Amino acid sequence: AEVKELQVKNRTLQRQISVGGGDDRPARVDVQRPAKYNETRDSQVIDNFLFQVEYYLDLQGVMGDDLQVKTMAMLLEDDV
């Protein structure tokens, strides 16, 4: 009887996984990329930009300083 129950549970789990019901994958969040930073020297603009970039990197799951710096560099306009 126990083997039969395990077989039923196994089939149920396999069906859930095959239709995307597995919870082992993190949900992908569609995050809007922050606006590019130009040469504005206003401290409030700079603080807002840095906050938006940190939030973006966190939600996108960007790990590691090297990758974060490269991503940040893409968000700078011209010769900032």
| query | Can you name the condition, by its number, that I17 falls short on among (1) modelled with pLDDT of 85 or more; (2) not in a loop (DSSP other than H, G, I, E, B); (3) not basic (K, R)? | reply | (1)
| request: Would you check which residues across segment 35-80 are loosely packed, with under 10 Cβ neighbours inside 10 Å and of a type in the set (D, E) and list them? | output: E39, D42, D65, D66, D78, D79
| Hits in segment 39-70 - residues which are among the small types (G, A, S) and part of a loop (DSSP other than H, G, I, E, B) | G61, G64
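The values are calculated or read from the model by the stated rules, or taken from the named source; none is laboratory data. Quick caveat, the model's predicted, so the values are computed rather than measured. Neighbour counts are summed over all protein chains in view; Cβ atoms, including those assigned to glycine, are modelled from backbone coordinates with ideal geometry.
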